[in-house]
1. Percent relative contact order of the chain, based on C-alpha pairs within less than 8 angstrom and at least six residues apart?
2. Beta carbons within 10 angstrom, averaged per residue: use that to sort the peptides 28-41, 161-174, 142-155, highest first.
3. What Kirkwood Rh does the chain have if only Cα atoms enter the pairwise 1/r average? Answer in Å.
4. Work out which helices of the chain, taken as complete DSSP H runs, extend at least 30 Å along their axis over the Cα atoms and score a mean Kyte-Doolittle of -0.5 or more, then list them.
5. With only Lys, Arg, Asp and Glu charged, each at its Cβ (+1 for the first two, -1 for the last two), find how big the charge dipole of the chain is about the Cα centre; round to the nearest 20 debye.
6. Ignoring ligands, DNA and RNA, what percent of the accessible area of the stretch 65-222 is carbon or sulfur (1.4 Å)?
7. Over the alpha-carbon set of the stretch 79-223, work out the extent along each principal axis and list the three values in angstrom, largest first.
8. Treating only the Cβ atoms of Lys and Arg (+1) and Asp and Glu (-1) as charged, compute the dipole magnitude of the stretch 121-182 about its Cα centre; round to the nearest 20 debye.
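The values are calculated or read from the model by the stated rules, or taken from the named source; none is laboratory data. Treat the numbers as computed from the prediction; the structure is a model and nothing was measured. Positions of Cβ are backbone-derived with ideal geometry, glycine not excepted, and every protein chain shown enters the neighbour counts. Protein only, heavy atoms only, side chains kept; ligands, DNA and RNA dropped before computing areas. Shrake-Rupley method; radii C 1.70, N 1.55, O 1.52, S 1.80 Å.
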Amino acid sequence: GSLRNLRQYARWYGRWWTFLRVLNWPVAKADTWLFNRIRSLEAHRGFTGPGTAYQLFRSVDRERWYWDNYDWSKDGAEWTRAAARTHGTTREEWESQVVAELVSELNVSDSNALEIGAGSGRWGAMLLPHVKQLTLVDISSKAVSLCKERFGDDPNVICEMSHNGKLGFLEPDSFDLIWAYGVFVDFESDWAEQLISDFPRILRSGGKAVIHYRNYLPYMDRATLIGIAKKSGLRVESDRPAAAPG
């Protein structure tokens, strides 16, 4: 039993180590309980920014594991219901309005578009009627599979997986529009800069990008995003609340 184990540990590691290990056991149990409670609260409230337990273990592999095991039964639409209620409309109507108005403003019809963090392809499905060709990129193999199921053999849709969380596998001067909605909201500045700094390489002359972000600390705020854009050689032409698309 436990006493026999302690005697064995004392022979292996010494009495002092065994004594400290016994003292540490309840502390470690309490620490694990507290950490799990913190993670549960973060998951419930969507906290992923600097200083969170989520960030302690954040990596491309962890992100991939999370989205590979995510419950996609709601199509990722759970994140935009509040905005729809604010405008007294349905989620589908509000999302379609956001896409249509932004695409109209950007004048990118008949263009090649890239969506970063495509998820199940929900935004891509609304974007596709406005562009000539759409490339959907995600780090999750599950998300890429869902996109392939959604769009089938549509020759105007390309589904790609980013194995390292970067865009280096995409050809230079390939896109007129980059669309990233509901993705950068969870990025701290270094993750955002890693992607945004590659935009000038893959965008064609006159190309544009739509980036949805939180605009409050500890997440990436407006000043940080503008600084990253300027550092990357991009120009911010418009900035407005996502929940007020008109």
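1. Numbers: 309 pairs, mean separation 37.0, N = 246.
After rounding, I find 15 percent.
2. Values: 28-41: 11.4, 161-174: 13.5, 142-155: 15.9.
Packing order, densest peptide first, comes out as 142-155, 161-174, 28-41.
3. Details: mean 1/r = 0.0489 Å⁻¹.
Every distinct Cα pair counted, the radius reaches 20.4 Å.
4. Values: long enough: 15-45 (45 Å, -0.38).
The qualifying helices are 15-45.
5. On the way: 31 positive and 31 negative charges, 365 e Å.
The dipole of the chain has a size of about 1760 debye.
6. Details: 3590 of 7580 Å².
Roughly 47 percent, rounded to a whole number.
7. The principal-axis extents, from largest down, are 41, 37, 32 Å.
8. Numbers: 6 positive and 8 negative charges, 52 e Å.
Its charge dipole is roughly 240 debye.
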